[in-house]
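Have a look at the structure below before the remarks.
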Amino acid sequence: MSLTGVSILEMRQMIEQACLPDRCEVSSTDGVNLTIRLGTGSSLNECLTMTDVRLDSLNSARDLVGLVGQLREGQRLGYLPAGNHVRARA
C-alpha cells in the first residue's frame, strides 16, 4: 500500500487508531513534520512525545507499522531510540 495522496488528516487518523486503546494525539504545524503524543489509557498527562517525524518518511503501510512499533516500544521503555527528538514521560 502506497501512502501517496494520503492527506495529513488521514495519516493522523491512521496513527491515532493504530495506538488504541491508548490515547494518541498527532499534529503537524508545518505540513512537513508530525508531532505524536502517546499516553496511557485515556490520559495524556504523562505521555511520550515524538517530534520531527517527517511526513515524506511515511511512504507505505510498513513505514506506519514501524512508526507505531517505535512508539509502543518507547512507551514500554519510557523513551524512544535515537533518530527522533523525544521527550519521555513527565
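To make sure I understand, if each residue's beta carbon is the centre and we count other beta carbons within 10 Å, what order do Leu77, Leu48 fall in, fewest to most?
Going from sparsest to densest Cβ surroundings: Leu77, Leu48.
Ranked by how many other Cβ atoms sit within 10 Å of their own Cβ, fewest first, the residues Met50, Met11 fall in the order Met11, Met50.
Across segment 8-87 the C-alpha pair distances fall into 10 Å bins from zero in the proportions 19, 60, 21, 0 percent.
Think of it this way: in the chain, Cys47 stand alone, with no other Cys Cβ under 4.7 Å.
Below 8 Å between Cα atoms, with a sequence gap of 6+, how large is the relative contact order for the chain in percent?
25 percent
Computed about its Cα centre, the charge dipole of the chain is approximately 220 debye, with only Lys, Arg, Asp and Glu carrying charge at their Cβ.
Read the figures in this text as sums done on the coordinates, not as results from a lab. These numbers were taken from a predicted model, which means no experiment stands behind them. Note that we place each Cβ from the backbone using ideal geometry, even for glycine, and neighbour counts take in every protein chain shown.
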